[in-house]
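Quick note: the coordinates plus some simple rules give every number you see, no bench work behind them. Since the structure is predicted, the reported quantities are computational estimates derived from the model, not experimental observations. Heads up, the Cβs are rebuilt from the backbone with ideal geometry, glycines too, and the neighbour counts pull from every protein chain shown.
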Amino acid sequence: MSELLFLIGGWFGMLVRGSVLLQLAILAAVFLLHQAWKRRRRPSLASWLPVLAKLVAIGVLLLAAALVALPGMASGLIVLVAELLGVWTALDGLRLILRRFHDVDAVESYWFRAVRPLFLVVALLLCIDRFDGLQAIADVRLIEMFGEHFTVGGAVLLVSLPYFLVVLSELPVLFLGFLLQRLMGLSAGNRKVFELIFRYLLIGVGVLWLANQVGLNGTAIAAIAGGLSVGLGFGIKEVFSNFVSGLWLLFEGSVRPGEILMFEGDPVEVRRLGLRAATLWRDRDNVELVVPNQTFFTATTTTYTGTDRMRRSEVQVGASYRHDPDRVIAVLEEVARANPRVLPQPAPKGLLINYGDSSIDYALRFWIANPMENGGICSEVRRAIWHAFQANAIEIPFPQRVLHNADA
Amino acid sequence: MRVSALDASSRHASRRRFPVGRPSGVLAGLVALAVACGGCQRLPVNLQVSISPGAGADRLSRESLNRLASQMAREFMQNNPGVNLHLRYIPEAQVLDTLSARSSLGVGPDLMITRAAPAQALAQKGLSRPSDLGPAQLDPLAIKYLPGFRQGHRYLALPFLVQPTLACYDRRRISVPPQRLDDLVHLAGEGKRIGLPLLFNELLWTSTGFGAEDPLIRMLDGAGSSGAQPGLAPADHKAALAWLQWLYRANVEPTLKFLDNGDDLVQALQSGKLDWISCNATAIRRLRRDLGANLAVSPLPRTNDGEPSRAFARLLLISFGRDSNPEERRVAQKFALFVLNDFSQNNLMERAVGNMPVNQTVIVPVKNSPELAAMEQSLASSIVPNFRSGVGVTRSAQPISQVLKQAIYGDLSPAEALKQIEALARASQPEGQGR
C-alpha cells in the first residue's frame, strides 16, 4: 500500500508544474461554465441541447489548447480532455438517435448501466496511462495472497470486471440469440435458453480469466473450491440448489422465459430464469413473482406451453328444465363458434353435465390460442351466452325455495 | 413493475441535482489544492526518472540496470531527505512515443536514461533539454565520451555507464580463446560450437579486419550530412563485399551458428548448446550463475592482421526532461552528479558486473578481476556511439539485420545485400542530425 501512496505522491509533483496547473485551470473554467449553463437551462434527457453545448465546449477547449501551445507550452491535457469529451458527445448523440428507434427505457437503462460506467473507467485508465503509464500503477503490489502478489491492477479488475461482465454480456448475447434464431429457426423460448446459457458461459470464462489475472493459481482455486464446498454444505446450499435447479430447468425446457404456467391458481408467464430465481408475471394484477428455482424442480409444474400454446377453457351455465337440452347445447356451441378469439379447431363442445336442483347444468368447452387471455375470453363467452339465451328465450334459472304452510 | 420513462427521467434528474461527484468540482478542488500546496515549502520534490536500457534482446542489461537504478535511487533519497525518486521503465521501442505523449501533457520525466540512439532522437524532437551543468561541475568527474554530446557550450546528454562487448566461452570446451578471426572459424572447423549474433550492430566487429567497419558506420551516420547522398566509395564497397562473403562462408561451417540476438546466444551458452559466443558484458552475471567457474571471458578475436576488433559498446546516457520546474531540474542535476561521482560509479561497477564507469577517476581493479580486465581491454578498442558517430548503426540495425540474414543464408548475393544496405542507409537518414 505504501508503494501505491508513494506512486500517487509522485503524480502530485507533476500536477504542481506551471504548465499543468494552467491547463487544469482552463479545464476547470470550461467545466464550470458548462455546469452553470446546465443548471440554468436544465435540458431534458431527450434534448439535443446538451450535445450542442458539449460541442461548443470542445471548440473552446481546442481553441484554448491552440492558444496555450502558441508560446510552446504543453497543451496535451486540454486536447486529451477535448478528445474524451468528443467521444462522450458522440456516444450521447448515438443515445439520442437510438431513443427514436428503440424502446426508450431499454436505451436509457443500457446507457446508465453499461455505457456511462464503461466510458468513465476507460477514460480514467487512459488518463492514467497517458499520465504515468498504466503498467506502472497496475504492477504495484498491495498484499501477498496464496504466495502470489495481489496488485493494484488485480484489485481494479476484481472490482470492475464482474460488473462489466454481467452488464456488457447482455448485448452480444442478444445479438447471438437473434442470429441463431434467424439461421436455425429457433423458437423464442429456445432462443432465450441459448442466450442465457451463452451468457453464463461468458461470465464463467470471464471469472476464471479474472481469477488467473489477479494471481489465483490452480492450487488456490482448488483451495477456494474446497472451502466453498463446505460452505455449500452448510450455509449456501439453498443458493447452490437454486442455481443448479435453474440450469437443469433450462436444459429440460419446462420452465423457460416465455412459458405460461399455472402458479397458485393463476396463469403466469415466465419472464426471466435467473441464477437463483425465476421471475413470473401474473396478468390479473400485473405483479412479478420471484420464485426460487428449486420450487419448480421439486414440485409439480402445470404448463400450458409444454407441447403447444393452446388452452382448453370451460364455461358453465344452467338452463331451465323446460328447455330441450339439444337446443341449449346447439346455442352454446354457436356462441363459442361466433367468438373470434375461440379457436374453430378443436371445435367447441357443449356438454350436459348435471341435473341440478333448479336447473340443468351445462358446460361449454372450447380452445383458445393464448392461455394468458383465458379470463377475458371466458368473460366474453359468458356475456354472449346471456345474450343468446335471451334471444332464444332460454331461461337461466336461479334456485327457488317454495315454502308450504302446514296449517293452511 | 416496469419503470416508466417519466420515473426514470425524474430519477436521473434528481441525480443531477446531487452536487457530489461533479467533474468540475473535483477539477476545481484539484487545482485549488495544487495551487495551495504549490507554495508549501515542506512538500517533497518528486523526481520522475524514465529508464529505457534496451528492448527485446537486451533483457539482461535491462534487469541489471533496473536493479542498479533502484539501489542508486534509494541511496540518493537517503542522502537527500525530502526528495522522492520515481523510476519508470519504458521499453526502448516505445520510449519516443510515450515520452512525447507525456511531454505534451506537461508531465514528461525529469531525467531519462536511454541508449545513444533514443537519446539523440529525444534531443532532436525537443523532448530533452541540454544540461545546465558546466565545467565547474563536470570537469572534476572527468567523464569519458562527453565531447560527443556537446552542443555549443552545453551537453545534450551525459554519459552514464558503458557496457562493452566481449567473448564469453565455456572453458571446459575451449581452453584457449581464439585470438584472431580465422582462429574462430578454425575452431568451428574443429567441432567447437561457435555462436554469433545476427544483429548488424553486434556483428559489425567482424568487419574490422576487412576495412569495412568505418565506411559502413560513416555511411549509416549520414556521410551526406553535408548534403551528399550516403554511399560507399569503390574501395570501401570492395571491403564490405569481402566481409559479406566471409559471413556467408563462415555460415557454411556447421558448428558456427548465427542466432537472432545476443539473448539467444547467452541462453545457448547457458544450456551448453554453444561453446563460444560474443556477448555484452551485462550477460556475465547471468552466465556466471549457470556456468560458475567454467565461464571465461576474453576480448573479442583480433583481425587476421593482429589489430584489435572494434565492437560496439553500449553507452547509457542521462538526458534532462523539458517539463521540469526549476526545483525539479536542480534536483535532477544533483542526482545526475550523484550517479556520476566516484563513489556511485565505483559502486555501479562493483555491484553489477558488466557496467563500466564513465568517470575516469574511478580505478578499474583489472588485476583483481579478469572480467574487468577483459572489459577494460575490450573498451579500449570499442566504438562507443555518440551523437556525431555510431548512432546511425543502432538506428538502422533492425532492417539491415534482415538483409544480413538473407545474405548469410544465401538468399541474397553479397552484392545484392550491399546494394540493399546502401539503400537502407539512404532511407534512414534523419532530417536533421542533432549536433
Task: Calculated SAXS-style log₁₀ I(q)/I(0) at q = 0.05, 0.06 Å⁻¹ - the protein assembly as shown, Debye, Cα scatterers - done: -0.49, -0.64
Task: region A:1-115: relative contact order in percent, alpha carbon pairs under 8 Å with at least 6 residues between - done: 25 percent
Open item on the list: Amide H of A:Ala278 versus every other amide H placed in the peptide plane: which residues, excluding those fewer than 5 positions away on the same chain, fall under 5 Å?
Closed with: A:Val291, A:Asn293
Open item on the list: Please list, in order along region A:168-175, the HN-Hα scalar couplings obtained from phi with the Karplus expression 6.51 cos²θ - 1.76 cosθ + 1.60 (θ = phi - 60°), rounded to whole Hz, x for Gly and Pro.
Closed with: 6, 5, 4, 5, x, 5, 4, 5
TODO: Count the net charge of all other residues whose Cβ sits under 13 Å from the Cβ of B:Pro370, scoring Lys and Arg as +1 and Asp and Glu as -1.
DONE: +1
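Please state the relative contact order of chain A as a whole percent: Cα pairs under 8 Å, 6+ residues apart?
On the way: 455 pairs, mean separation 34.9, N = 408.
Averaging sequence separation for qualifying contacts and normalising by length gives 9 percent for chain A.
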Task: Amide proton proximity set for B:Asn386, modelled H, under 5 Å, gap of 5+ - done: B:Val391
Task: Per-residue ³J(HN,Hα) for region B:71-78, Karplus 6.51 cos²θ - 1.76 cosθ + 1.60, θ = phi - 60°, Hz, x for Gly and Pro - done: 4, 4, 4, 4, 5, 5, 5, 5
Open item on the list: Can you give me the long-range amide H partners of B:Leu85? Hydrogens built in the peptide plane at 1.01 Å from N, cutoff under 5 Å, separation of 5 or more residues or another chain.
Closed with: B:Leu47
Open item on the list: Suppose we keep just the DSSP beta bridges with both residues in the protein assembly as shown; what percent of those would be antiparallel, to 5?
Closed with: 75 percent
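Could you please rank A:Ser254, B:Ser103, B:Ser378, placing first whichever residue has the fewest other Cβ atoms within 10 Å of its Cβ? Mind showing how you got there, number by number?
Details: A:Ser254 17, B:Ser103 22, B:Ser378 25.
Starting with the residue having the fewest Cβ neighbours, the order is A:Ser254, B:Ser103, B:Ser378.
Once Rh is set to the Kirkwood radius over Cα pairs, what Stokes-Einstein translational diffusion coefficient, in µm²/s, holds for region A:163-222 at a temperature of 25 °C and a viscosity of 0.890 mPa s? Spell out each step's value before the answer.
Details: Rh = 12.7 Å.
In µm²/s, the coefficient is 193.
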Open item on the list: Report the Cα centroid-to-centroid distance between region A:68-101 and region B:296-328 in angstrom, as an integer.
Closed with: 45 Å
Open item on the list: I'd like the distance separating the alpha-carbon centroids of region B:163-182 and region A:254-282, in whole Å.
Closed with: 80 Å
Task: Projected label distance in nm at A:Asn212 and B:Gln94, using a 7 Å step from Cα toward the beta-carbon - done: 2.1 nm
TODO: Quick one: divide the alpha-carbon radius of gyration of region A:4-86 by 2.2 N^0.38 Å and tell me what you get.
DONE: 1.29
TODO: Can you pull the one-decimal nm distance between simple spin-label points at B:Gln398 and A:Asp103, each 7 Å off the Cα toward Cβ?
DONE: 5.1 nm
Task: For region B:273-374, alpha-carbon Rg and Dmax in angstrom - done: 17.6, 55
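Compute the semi-axes of the equivalent ellipsoid of region B:108-164, taking the square root of 5 times each eigenvalue of the Cα gyration tensor, and list them largest first in whole Å. Display every interim value, and only then the final one.
Details: eigenvalues 65, 42, 22 Å².
Working from the Cα gyration tensor, I get semi-axes of 18, 14, 10 Å.
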- [ ] Wrap a convex hull around the Cα atoms of chain A, take a quarter of its surface area, and give that in square nanometres.
- [x] 36.0 nm²
- [ ] Net charge near A:Glu195: determine it from the other residues with C-beta under 12 Å of the C-beta of A:Glu195, scoring Lys and Arg +1 and Asp and Glu -1.
- [x] +4
Task: Principal axis box of region A:296-353, alpha-carbon based, largest edge first, Å - done: 52, 24, 13
- [ ] Based on other C-beta atoms within 10 Å, arrange A:Met184, A:Met372 from fewest to most.
- [x] A:Met184, A:Met372
Open item on the list: Rounded, prolate or oblate, given the Cα gyration tensor of region A:187-255, with a/c below 1.5 counting as rounded?
Closed with: oblate
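Net charge near A:Val166: determine it from the other residues with C-beta under 10 Å of the C-beta of A:Val166, scoring Lys and Arg +1 and Asp and Glu -1.
Working: positive: A:Arg113, A:Arg199; negative: A:Glu170.
The answer is +1.
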Task: Helical mean residue ellipticity (222 nm; -39500 (n - 2.57) per DSSP H run of 4+; nearest 500) of chain A - done: -20000 deg cm²/dmol
